[in-house]
Amino acid sequence: MEGRAATAVEAVFREERGRLLAALVRRFGDLDLAEEVTAEAIEAALVHWPVDGVPPKPGAWLMTTARRKAVDRLRRDQTYAARLAILQVEAERAAPAPPADSRSAGDLPDERLLLFFTCSHPALPAEDRIALSLRCLAGLTTPEVARAFLVPVATMAKRIVRGKKKIREARIPFRVPDAAELPERLAGVLQVIYSIFTEGYAASSGPDLQRLDLAEEAIRLARILRGLLPAEREVAGLLALMLLIHARRDARTGPDGRMVLLADQDRGRWDQAMIEEGLTLVHEALAGGPAGPYGVQAAIAALHDEAADLATTDWPQIVALYDVLLTLTPSPIVALNRAAAIAMRDGPQAGLALLDELADDPRLRGYHPLHAARADLLADLGRATEAAAAYRRALELAGTEPERAHLRRRLAVVESRPEL
Amino acid sequence: MKYMLLINAPAEPAEDAPGCDFEDWQAYDKTVKEAGIFVTGHSLADLVTATTVRVDRDGQRTITTDGPFAETREVLGGYYVIDVPDLDSALDWAARCPGSRGGGSVVVRPIAAFED
């Protein structure tokens, strides 16, 4: 097949891959085996379909091919042989005929929810949860995941092997938690997706401020999850939050890769279609009961996205939402953002007083946005020497080059300005 | 699948930790046994009774020392081995164990299975 056509077909398979993998995990209860035969089935499709034509039920074709290969493999493999009978019995018992409802998309039942919960199981190290979710559900290869996180491929491969080993040997089950466990476990799944997004949005290190590919992968994962759990309002909230932030991506960096703050962004470059989609989801996330933390954060992002500029932003409402968020998820970072909103509502002096209180919190000592926010308010108040010291502290702590460049520019401004 | 629940008590137990009374332990032990998952389990005598043995490289000299090691923040106080379907179930039993409360913790370790 021609190279470009093959790439196009592979892109189609990316979507199908997670679905196929999940169905096979459900069938055989073995992630390694499922991964191997998923790859083989897709390889077989790439060979046969261009010649024989795409079968009428491509999903079923892939599933049948993969299942046959799995059974062959189990029969060949001595260590697997004894388990074959058990696995089959277990699989038949655990997998009743899939209901013909919204969970069945195309001609393959969608079992990806099992994989979401297993990949983000709290017994796995946080970094392994991210790596496994990107690989098993977003369909990224190990080198792609490694590149996205700027770690060597061998390191990422080790993480994935370690994660799969724990799933297999500690027997982390492939199951959807029951209603009692669901809220806590779902929060874990959302946490993994949001970590992927934030890593993509504000890369913690490296030359680029944003790594859009990761942010888009996170949005893709949230869309899949939303399809699987349409009634969970926090899933809608998380997707809304990410869309409403991601809508500003083009305005967030200047042509030279320079970081542009919310105050200075060209709001005409915000993605209005994405904002519209986010706003619809926010309403869903906030309707019908107390909002969760993602819904509240999405509402804050929505207020920013709807405002024509910083001055006309609804700061009282934003402060009120931060108050709610602080009760839902008390954290010094939420308190910091609330202080910044109060500075906008009541003036820099009020914000600074709150930031000075927060500066004593040991959890914020190494957090550069605190020092940058203090520096900005001190500069607004004309306290240039103190502002410069705070910018220098932020500079020591900032991780990405565009952030450091931004801080250096601000530092240069206050240093050139006489003390008022 | 068999899991060992290693029950670590804080070196300095809290005064009034709810859910860790003798009655709580009795009730937990009874539940584990009635659930049909109990394989084995013991509670260990006080740490001051512990002795550590090491044999040096050439196998000549046995070094015997008092206690496990100094400055332990948590002390292994006992263990259960349970047989349950998967890790989620083992974690659930660990969470119900009085040893996981009052500053204590329970470490869940799968028992290694060797293929024969």
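Here are the numbers:
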quantity	calculated
Fraction of antiparallel bridges per DSSP, the protein assembly as shown only, in percent to nearest 5	95 percent
Full-stretch length increase - A:Arg67, A:Arg168 - with 0.36 nm per residue and alpha-carbon distance subtracted	34.4 nm
Candidate residues A:Arg363, A:Arg392, A:Arg185: accessible-area rank, largest first, probe 1.4 Å	A:Arg363, A:Arg392, A:Arg185
Rough spin-label spacing in nm, given labels placed 7 Å along Cα→Cβ, for A:Asp356 and A:Leu381	0.5 nm
Probe 1.4 Å - accessible area at A:Arg417, Å² to nearest ten	110 Å²
Farthest toward positive dipole pole in chain B [+1 Lys/Arg, -1 Asp/Glu at C-beta], among B:Pro18, B:Leu47, B:Ala90	B:Leu47
Interface size A-B, as summed buried accessible area [1.4 Å probe, Å², nearest 100]	700 Å²
Net charge dipole size for the protein assembly as shown [Lys, Arg +1 and Asp, Glu -1 on Cβ; Debye, nearest 20]	1340 debye
Gap separating the Cα centres of the stretch A:140-172 and the stretch B:1-72, nearest whole Å	34 Å
The stretch A:328-420: relative contact order in percent, alpha carbon pairs under 8 Å with at least 6 residues between	23 percent
Mean Cα-pair separation over length for chain A, i.e. relative contact order, pairs under 8 Å, 6 or more apart, %	10 percent
GNM result for chain A, Cα springs below 10 Å: residue of A:Thr312, A:Thr38, A:Thr198 fluctuating most strongly	A:Thr312
J(HN,Hα) series, the stretch A:23-29, from Karplus relation 6.51 cos²θ - 1.76 cosθ + 1.60, nearest Hz, glycine and proline x	4, 6, 4, 4, 6, 10, x
Protein accessible area in the protein assembly as shown, 1.4 Å probe - carbon and sulfur %	55 percent
FRET efficiency, 1/(1 + (r/R0)^6) with R0 60 Å, evaluated for A:Ser416 and A:Val54 via beta carbons	0.35
Fraction of alpha-carbon pairs over 21 Å apart in chain B - percent	47 percent
Reachable lysines, given that their alpha-carbon falls under 26 Å from the alpha-carbon of A:Lys166 and they are not under 8 places away in the same chain	A:Lys69, A:Lys158, B:Lys2
Whole-number accessible area per residue in Å² for the protein assembly as shown, which is evaluated in the context of all protein chains at 1.4 Å	51 Å²
Cα gyration tensor, the stretch A:112-230 - rounded (a/c under 1.5), prolate or oblate	oblate
Probe 1.4 Å, all protein chains present, accessible-area order of A:Ile245, B:Ile111, largest first	B:Ile111, A:Ile245
Value of [θ]222 nm, deg cm²/dmol, for chain A, DSSP H segments ≥ 4, -39500 (n - 2.57) each, nearest 500	-23000 deg cm²/dmol
Contour minus Cα-Cα distance for A:Leu150 and A:Ala180 (0.36 nm per residue)	7.0 nm
Distance (nanometres) between label positions extended 7 Å along Cα→Cβ at A:Thr141 and B:Ser43	5.7 nm
Extension gain from A:Ile333 to A:Asp264, taking 0.36 nm per residue of separation minus the Cα-Cα distance	22.6 nm
Pairwise centroid distance, computed over Cα atoms, of the stretch A:364-406 with the stretch A:11-38, Å	47 Å
Calculated FRET value between B:Ala11 and A:Thr280, using beta carbons and R₀ = 41 Å, to 0.05	0.15
A:Arg409-A:Arg14 FRET efficiency (beta carbon distance; Förster radius 41 Å; 0.05 resolution)	0.50
Normalised contact order of the stretch B:2-110, rounded percent, pairs of Cα under 8 Å and 6 or more residues apart	53 percent
The protein assembly as shown - Rg over Rh from alpha carbon coordinates, Kirkwood radius	1.02
Extreme residue, positive dipole direction of chain A, given options A:Ile245, A:Leu33, A:Leu310 (C-beta unit charges)	A:Leu33
Area accessible to solvent at B:Tyr79, 1.4 Å probe radius, in Å²	60 Å²
Under 16 Å from the Cα of A:Lys57 - lysines, other chains or at least 8 residues apart	none
Per-residue ³J(HN,Hα) for the stretch A:291-308, Karplus 6.51 cos²θ - 1.76 cosθ + 1.60, θ = phi - 60°, Hz, x for Gly and Pro	6, x, x, 6, x, 5, 4, 5, 5, 5, 4, 5, 5, 5, 5, 7, 7, 6
Cα-derived Rg to Rh of the stretch A:358-416, Kirkwood definition	0.96
Under-5 Å amide H pairs with A:Ile172, H placed in peptide plane, nonlocal only	B:Leu87
Accessible heavy-atom area order of A:Lys164, B:Lys33, highest first, probe of 1.4 Å	B:Lys33, A:Lys164
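The values are calculated or read from the model by the stated rules, or taken from the named source; none is laboratory data. Quick caveat: nothing in here was measured; it's all calculated off a predicted structure. With ideal geometry, Cβ positions are generated from the backbone for all residues, glycine too; neighbour counts draw on all protein chains shown. With ligands, DNA and RNA removed, areas are computed over all heavy atoms of the protein, side chains included. Shrake-Rupley method; radii C 1.70, N 1.55, O 1.52, S 1.80 Å.
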